Amino acid sequence: MRYLRCELHTHTVWSDGSMTPEELAANAAARGYDAIALTDHNTVFAYPRVRAAAEKLGLTVVPGIEWTTFYGHLTVLGGRSPVDWREVAPETVNAEIVHATEAGDAVVLCHPARIGGAICCGCHNDFDIAPGVLSGMEVWSRYRESRDPANAEAERMWLARLDAGEKIAAVYGLDWHRIEKGDRSYAATYVGADACTPDAIVEGVRRGRTYISAGVELDIRLTAGGRAFELGDGVPEGEVRLTVKATPNADYAREFGVEIGGIEVAGSSFTAAAAGCELDITAHARKGYFFVRVRGRIDGEESELALTSPFYTEGR
């Protein structure tokens with residue numbers, strides 16, 4: 001399995017972006033993404049042009065849409081959903097999410113703690129989303145994620161769902177509308193897939209094979225009971241061996257200057273930490289979940305560099 005560098009939340013001039021479909025594809029290829037998801041607000045019409053432009057550049061495009069309502073935003077990845085976004089309302093949202101996932105799509109709650117503007121309302125989630133229906137949540141969004149208090153709140157919301165027993169992937173969304181100059185950093189979602197295809201990427205999100213990262217790439221290996229496990233898997237309770245290696249992404253590091261400070265394993269199952277870019281531990285995993293977090297610096301400023309979706313200890 002390969003972890004693909006993806007941006008799963010993008011827009012074009014067909015909704016409220018400033019990039020044409022061809023410009024989005026060209027800018028995504030220039031940033032070194034393996035794949036992007038097109039998620040224009042309440043429309044899919046730009047997809048054929050984005051896909052045609054991307055194919056010439058060796059870039060994969062996942063079809064998608066952003067359900068944009070007064071009560072919250074959700075990206076629906078995969079292009080199979082029969083749901084009409086106009087039917088998504090507080091009293092129907094859970095049923096419509098289930099309809100989309102049953103069709104094979106991944107549904108991600110977008111920027112749940114961000115305050116919207118007069119034109120783009122509903123950025124702050126006011127839906128009462130039932131446990132267990134979402135594929136993922138944008139734990140980070142926009143630029144320089146550690147500076148934004150909305151991301152800290154989104155992470156707390158994600159952890160609360162995990163503590164309540166949900167299985168929900170950590171996803172990042174640049175919410176990419178335009179090329180913006182300056183020194184603000186962006187992140188990416190790395191999705192575990194056996195092929196760089198839309199179907200494989202959507203399945204990776206649905207299975208929780210994701211980590212979000214601002215400039216580091218992770219090699220994570222977990223074994224228990226003589227078996228190997230991937231992010232998002234259920235792991236038998238008992239002794240596990242976890243090794244993690246974090247390496248600065250060469251392209252990103254040239255742009256922003258990423259320094260790794262240390263690796264942490266956190267969650268309700270066990271905790272561990274190591275300074276530097278490698279961690280190798282053997283521990284007893286109890287009922288619950290655990291995930292990996294990398295801390296460090298971007299351009300000398302303290303920052304969270306990476307966060308993984310959890311492993312889930314069986315028996316929860």
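The values are calculated or read from the model by the stated rules, or taken from the named source; none is laboratory data. Since we're looking at a predicted model, the values are computed, not measured. Glycine gets a Cβ as well: all are built from the backbone with ideal geometry, and neighbour counts include every protein chain shown. Note: accessible area is taken over every heavy atom of the protein model, side chains too, but ligands, DNA and RNA are not part of it. Shrake-Rupley method; radii C 1.70, N 1.55, O 1.52, S 1.80 Å.
Miscellaneous remarks
- Under 5 Å from the amide H of GLY72 lie the amide H atoms of ASP126, each residue being 5 or more positions distant or on a separate chain, with H modelled from the backbone and absent for Pro and chain starts.
- Length gained when the stretch ASP128-THR92 is fully extended (0.36 nm per residue, less Cα-Cα span): 11.9 nm
- Remark: segment 186-197, residue by residue, has Karplus-estimated 3J(HN,Hα) of 10, 10, 7, 9, 9, 10, x, 8, 8, 7, 8, 10 Hz, where x stands for each Gly or Pro and the curve is 6.51 cos²θ - 1.76 cosθ + 1.60 at θ = phi - 60°.
- Label separation (ALA52 vs ASP16): 2.8 nm, computed from points 7 Å beyond Cα along the C-beta direction.
- For VAL216, distant residues with modelled amide H under 5 Å away: ASN249
- Surface per residue (accessible, 1.4 Å probe) for the chain, Å²: 41 Å²
- Relative contact order of the chain, defined on C-alpha pairs under 8 angstrom at six or more residues apart (%): 14 percent
- Rounded tilt (10° steps) of 21-30 against the dominant C-alpha axis of the chain: 30 degrees
- Cα long-axis angle, helix 149-163 against the chain (0 to 90 degrees, to the nearest 10): 60 degrees
- Share of carbon and sulfur in the accessible heavy-atom surface of the chain [1.4 Å probe, %]: 49 percent
- Peptides 23-33, 280-290 ranked from most to least packed give 23-33, 280-290, packing being the mean of other C-beta atoms within 10 angstrom over each peptide's residues.
- Solvent-accessible surface (1.4 angstrom probe) belonging to GLU302, in square angstrom, nearest 10: 130 Å²
- HIS99 paired with ASP163, simple spin-label distance in nm, labels 7 Å along Cα-to-beta-carbon: 3.5 nm
- Distant-in-sequence amide contacts of TRP176, defined by a placed amide H-H separation under 5 Å and a gap of 5 or more residues or a different chain, comprise HIS9, THR10, HIS11.
- When each of the peptides 241-252, 75-86 is scored by the mean number of other C-beta atoms lying within 10 Å of its residues, the order from highest to lowest reads 75-86, 241-252.
- Listed residues TRP158, TRP14 arranged by accessible area, highest first, probe 1.4 Å: TRP14, TRP158
- Chain lengthening between ARG2 and GLU259 when straightened (0.36 nm per residue, less Cα-Cα): 90.1 nm
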